[in-house]
Amino acid sequence: MRIVVTGGAGFIGSHLCDRLLADGHEVIAIDNLVTGQAENIAQLAGHERFRYIRHDVSNFIFVPGKVDLIWHLASPASPNPASPYGYPQLPIQTLKVGALGTHNALGLARANQAVFLLTSTSEVYGDPQVHPQREDYWGHVDPVGPRSMYDEAKRFAEAITTAYHRYHGLDTRIARVFNTYGPRMRLDDGRVVPNFLCQALANQALTIYGDGEQTRSFCYIDDLIEGLSRLMITQVNDPLNLGNPHEITVRELAEIVIRLTGSRSGIELLSDRRGPADPQQRRPDISRAKELLDWEPRIDLEDGLRRTIEDFRRRL
Ligand code: UDP
């Protein structure tokens, strides 16, 4: 098949391109490199079935020839306001790519009658009042809060994807991706796993925001790619959670990272860095994905972290 991946030079996008090429498809990756990195797809340069187009999908997308599948991943995704790659520093781009970029990607899909998959986010649930989060929970989101540029952009993206499905009959998928980690994350991305790994490998204190009792559930990239791939070939038009249901506190994560890296680092509590919009707990209910895709994560946290530490050591 001939496949377009928006955000193809990003962390998830580049792993997806690898997988699609390995499965024998032709892949056109589109990325403006605002948060993606050219080195993520450097290994694909010269591949006969791979093409990269540097383009901001918030502007009209032109792809010559027939397209069979569109994976729309393009978006900043780190909530860290201290990182230049976090969406709080890129609020207008984040809103534009979620709204205009999704509209353009849907337009390309409609013109080709291609199957369209949107990577949405657990952030559509906001700071959830229901735990764990099931797909039928509507969320607890502040439309003008510090994360609103991302949360609302993705909520709009889900709405317009659903509108194209209902009104234009487009075959669409919506994956709500929970915290995912692995090789190729930006070292300076600002999210908790890259921050902790860089700090531990440099024997610097791991910065815990708040008291560290907030929880997250971390999915290794290969598991996520498998879930996304299964979703694409399964006729599920309603949103589907993809993530790892193993929930831990941020403090526990810090302790595991220190142990696995053999670091001399301690822990530093930065209470003021934890904004009011930082969700207190997050864990996906993946019963629907289990039932409909026969999918669940296979790689446990320590195993995934070991693989990620190897990659970070190489790049630091
Ligand atoms: N966090 C932290 N130290 C860091 C970076 C993040 O304690 O150096 C916390 C952050 O406050 C949040 C959790 O780790 O509670 C996960 O943050 P991340 O930025 O990875 O993404 P989120 O899940 O909040 O979207």
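The values are calculated or read from the model by the stated rules, or taken from the named source; none is laboratory data. Worth saying up front: this structure is predicted, and the values here are computed from it rather than measured. Cβ atoms come from the backbone with ideal geometry, glycine included; neighbour counts cover every protein chain shown. Heavy atoms of the whole protein, side chains included, go into the accessibility calculation; ligands, DNA and RNA do not. Shrake-Rupley method; radii C 1.70, N 1.55, O 1.52, S 1.80 Å.
As a test of the formula, what do you get for the chain when each DSSP H run with n ≥ 4 contributes -39,500 (n - 2.57) and the sum is divided by the residue count, at 222 nm and rounded to the nearest 500 deg cm²/dmol?
Details: 9 runs with 106 residues, N = 316.
Helices in the chain give a 222 nm mean residue ellipticity of -10500 deg cm²/dmol.
Would segment 93-151 count as rounded, prolate or oblate if I go by the C-alpha gyration tensor, calling it rounded below 1.5 in a/c and otherwise prolate when a/b exceeds b/c, oblate otherwise? Oblate is the answer for segment 93-151, as a/c is 1.5 or above yet b/c matches or exceeds a/b. Among 302-308, 3-9, 282-288, the peptide with the highest mean count of other Cβ atoms within 10 Å heads the list, and the full ranking is 3-9, 282-288, 302-308. Label positions at Glu296 and Gln280, each projected 7 Å from the Cα along the C-beta direction, are separated by 2.8 nm. Straight-line cross-link partners of Lys154 among the lysines, defined as a Cα under 17 Å from its Cα and at least 8 positions apart when in the same chain: Lys96. Find the relative contact order for the chain and round it to a whole percent, using C-alpha pairs within less than 8 Å whose residues are 6+ positions apart. Answer for the chain is 17 percent. Using a cutoff of 8 angstrom between alpha carbon atoms and counting only pairs six or more residues apart, the relative contact order for segment 34-143 works out to 26 percent.
Kindly state, to the nearest 0.05, the FRET efficiency for Phe156 paired with Ala202, given R0 = 30 Å and r defined as their beta-carbon distance.
On the way: r = 39 Å, r/R0 = 1.30.
Once the sixth-power term is evaluated, E becomes 0.15.
Packing-based ranking of 172-178, 194-200, 10-16 yields 10-16, 172-178, 194-200, ordered from highest to lowest mean Cβ neighbour count within 10 Å. Measuring spread by the Cα atoms of segment 237-307 yields a radius of gyration and Dmax of 15.8, 48 Å. Averaged over its residues, segment 129-251 has an accessible area of 38 Å² per residue, based on protein heavy atoms and a 1.4 Å probe.
Stretching the chain fully between Arg166 and Asp136 yields a gain of 9.0 nm (0.36 nm per residue, less the alpha carbon separation).
Sorted on the mean count of surrounding Cβ atoms within 10 Å across their residues, most packed first, peptides 103-112, 267-276 read 103-112, 267-276. Anisotropy class assigned to the chain is prolate, per the alpha carbon gyration tensor with a/c at or over the 1.5 cut-off and a/b larger than b/c. Measure out, as a whole number of angstrom, how far apart the alpha-carbon centroids of segment 251-316 and segment 3-74 sit. Using only Cα atoms to place each centre, the spacing works out to 26 Å.
Using a 1.4 Å probe on the protein chains only, how many percent of the accessible area of segment 15-110 belongs to carbon and sulfur?
On the way: 2340 of 4230 Å².
Whole-percent figure for carbon plus sulfur exposure: 55.
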